[in-house]
Amino acid sequence: MGFLKGTASFVRFRVEGDLPPSPMDFIAERVSSFSFRDIDDSYDEYSIGWVSVMNMFDSAFNYSSHLCGDYVVLALRIDERKVSSAILKKLTQKEEERVKREKQIPKISRTMKVEIRERIKTEQMRKAIPLPAVYDVCWNLADSTLFFFSTSKKAQTVLEDFFKESFGLLLRQQTPYTIAEQLLPGRLSEKLPSLSPALFL
């Protein structure tokens with residue numbers, strides 16, 4: 001659930017790396033270069049890119065709609081065409097039986113089985129509607145932190161890779177320990193390694 005909703009789950013990251021001298025221009029250019037490209041009218045299986053947090057169909061970002069003060073607010077959209085493995089298996093077996101009857105043979109070769117399966121998969125992919133997934137992102141430029149509004153490990157991995165590809169910056173997931181390293185003064189932060197978990201009953 002996104003951060004514009006009443007409740008939200010998120011993971012906090014630290015953005016590691018330096019932005020160029022004109023960060024806003026750089027970010028605008030990279031967001032545009034890596035904006036989402038629709039695959040509804042193609043046979044592509046996968047598409048990933050940045051869209052507006054307000055509208056998953058807006059990838060133009062007119063009037064720098066992704067900027068809000070010191071914040072960059074985006075949504076990561078991923079569209080993927082999928083064919084159910086059960087349906088693919090059923091249709092493949094059905095076609096194999098048809099070919100055997102047509103050719104009047106008891107069994108078909110492994111090569112032909114592979115060809116049939118790939119043909120059926122391609123046909124089904126063309127019919128499949130891409131399923132969209134959208135994840136909100138809020139990047140605070142002032143303190144180099146980023147909130148990702150999903151707790152899915154798979155989605156987090158995709159974000160880390162795509163963020164690096166888009167901006168050339170690394171994301172490091174933050175835990176209470178790493179946050180304490182940043183917030184506590186020097187003398188107190190030096191004591192962190194010696195701390196051990198405790199139960200409060």
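Every number in this text was worked out from the coordinates using simple rules, so none of it is lab data. Predicted, not measured: the structure shown is a model, and the values here were computed from it. Glycine also receives a Cβ, built like all others from the backbone with ideal geometry; neighbour counts cover every protein chain displayed.
Remarks
- Extension reserve of the residue 56-residue 115 stretch, reckoned as 0.36 nm per residue once the Cα distance is removed: 17.5 nm
- If R0 is 45 Å, the Cβ-Cβ spacing of residue 128 and residue 70 corresponds to a FRET efficiency of close to 0.65.
- Size of electric dipole in segment 47-182: Cβ of Lys, Arg +1 and of Asp, Glu -1, about Cα centre, debye, nearest 20: 1540
- Distance violations [Cα-Cα > 23 Å] among 82/113; 89/153; 94/121; 127/154: 89/153; 127/154
- Rounded to the nearest 500, the 222 nm mean residue ellipticity of the chain from helices alone is -11500 deg cm²/dmol, with -39,500 (n - 2.57) taken per DSSP H run of at least 4 residues.
- Gap separating the Cα centres of segment 123-174 and segment 5-34, nearest whole Å: 11
- Over segment 85-127, all Cα pairs binned in 10 Å intervals from 0 give whole-percent P(r) values of 29, 54, 16, 1, listed from short to long.
- Of the residues 63, 71, 46, the one that moves most in a GNM of the chain with alpha-carbon contacts below 10 Å is 63.
- Of the residues 170, 105, 32, the one whose Cα sits farthest toward the positive end of the charge dipole of the chain, with +1 on the Cβ of Lys and Arg and -1 on the Cβ of Asp and Glu, is 105.
- Shape parameters for the chain, alpha-carbon atoms, Rg then Dmax in Å: 24.0, 83
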